[in-house]
1. So, in the stretch 254-266, exactly how many residues are surrounded by fewer than 24 Cβ atoms within 10 Å (Cβ to Cβ) and either in a helix (DSSP H, G or I) or not hydrophobic (A, V, I, L, M, F, W, C) (or both)?
2. Out of the stretch 77-89, which residues are surrounded by fewer than 23 Cβ atoms within 10 Å (Cβ to Cβ) and either aliphatic (A, V, I, L, M) or touching a residue at least 12 places away in the same chain (Cβ under 8 Å) (or both)?
3. If ARG11 satisfies every condition in (1) farther than 25 Å from ARG332 by Cβ; (2) of a type in the set (Lys, Arg); (3) away from the ligand (no atom under 16 Å from the Cβ) but one, which is the exception?
4. Assess whether LEU102 counts as being touching a Ser or Thr at 6+ places or on another chain (Cβ under 6 Å), crowded, with 23+ Cβ neighbours inside 10 Å, in contact (Cβ under 8 Å) with a residue 12 or more places away in the chain and among the aliphatic types (A, V, I, L, M).
5. Could you pull out the residue among ALA117, ALA110 that is more than 16 Å from the ligand (Cβ to nearest atom) and not assigned by TED's automatic domain parsing to the domain that holds ARG69?
6. Only one of (1) out of contact with any helix residue (DSSP H, G or I) (no Cβ under 9 Å at 6 or more places or on another chain); (2) without any contact (Cβ under 8 Å) to a residue 24 or more places away in the chain; (3) of a type outside the set (Lys, Arg) fails for GLY319. Which number is that?
7. Out of all the residues in the stretch 128-159, which are touching a strand residue (DSSP E or B) at 6+ places or on another chain (Cβ under 9 Å) and buried (at least 17 other Cβ atoms within 10 Å of the Cβ)?
Amino acid sequence: MTAKPKVWVSRPLFPDVLARLSEHFDVQAEAIERRHMPEQLRERLLAVDGAVLGLADRVDAAVLEGNQRLRVIANLAVGYNNLDVPALTRAGVLACNTPDVLNETVADYAWALMLAAARRVSAAERWLRAGQWGSHMRFDDWLGVDVHGKTLGILGMGRIGQAIARRAAGFDMRVLYHNRSRLPEPIERECRATLVGKESLLKQADHLILVLPYNKANHHAIGAPELALMKRTAVLVNVARGGIVDEVALAAALREGRLAAAALDVFEGEPAVHPDLLSLDNALLSPHIASASEDTRRAMASLAADNVLAALGHGPHAGHPATPLNPEVMARWPRH
Ligand code: GLV
């Protein structure tokens, strides 16, 4: 009997998903969350045919060096800025991500952050829990900014951006977006969204939500010059990647009242959060959980497992993983 292919899962995962993988593979799954240094990643990946990785696992040419065995990496995320896809392609390794299954859940969370930041929900709760709600609360304390009837700006209008836009109809909002390319007209109509230039978006948005993929070109796409264009009453929400925002410039704008509030689910150095942000009451901060509903995290894990199964020739979609990033590598694999 030939040995089962080996699959490494770099972070704890739902047991039923692991059990599905174990039917076909010799699965080594990490039991606790830990950060894998490049050399550890390299060692781990040298010994397996497939891997399910998280965003903290950075795979580049150096990590792949000398690896003749690895066939597939399934990223537990839609974003894949932790993977050097060209290097994976050169090494003949298929990369997969988890698009679509999280669109609506991330859109819900972007709205949760926008509403909470605009209405100062978490700061007010901190104040109440600190026992400060005595007889001295004034009628004009805790004033926030409205969401309904305002202009929603969306920077990056992929499938998550579109899901965010569709929700705006219920709040009677005007929706503006900026994107590399214009959406097809039927989608624009469904989203009730209008394409504008980036500068115009920054100037007009009462609430600006960032949903861009992160790459070199988008590094600090929102920095001091962009923040200077925004309204003093505006709210900024980032559910994309930390590196899209210059956090020092953002903290200065929030501190100096040049922006009403920001809500951030992602950080440039996460899990570290810039101390300038931690000290601000008008910055709402959450630990990268926009996709973290029970149903969606299960769907992401399941899709990642399906991708590994299919790439290594098992399951109903054997040979045809659903969400490959570099499917061309499969044509170069030896036939069995
Ligand atoms: C999370 O940030 C993801 O890309 O899925």
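1. 5
2. ALA77, VAL78, GLY79, TYR80, ASN81, ASN82, ASP84, VAL85, ALA87, THR89
3. (3)
4. Considered against the rule, which asks whether it is touching a Ser or Thr at 6+ places or on another chain (Cβ under 6 Å), crowded, with 23+ Cβ neighbours inside 10 Å, in contact (Cβ under 8 Å) with a residue 12 or more places away in the chain and among the aliphatic types (A, V, I, L, M), LEU102 comes out as yes.
5. Details: ALA110 fails: more than 16 Å from the ligand (Cβ to nearest atom).
Unique residue meeting the criteria: ALA117.
6. Only one criterion is unmet by GLY319, namely (1).
7. Within the stretch 128-159, GLY144, VAL145, VAL147, LYS150, THR151, LEU152, GLY153, ILE154, LEU155, GLY156, MET157 qualify.
Rundown of residues vs (1) in a helix (DSSP H, G or I); (2) among the charged types (D, E, K, R); (3) exposed (fewer than 15 other Cβ atoms within 10 Å of the Cβ); (4) more than 16 Å from the ligand (Cβ to nearest atom), yes/no style:
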position	(1), (2), (3), (4)
TYR177	no, no, no, yes
PRO225	yes, no, yes, yes
ALA228	yes, no, yes, yes
ARG232	no, yes, yes, yes
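The values are calculated or read from the model by the stated rules, or taken from the named source; none is laboratory data. All of these numbers come straight from a predicted model, not from anything done at the bench. Please note: Cβ atoms are built from the backbone with ideal geometry, for glycine as well, and neighbour counts cover all protein chains shown.
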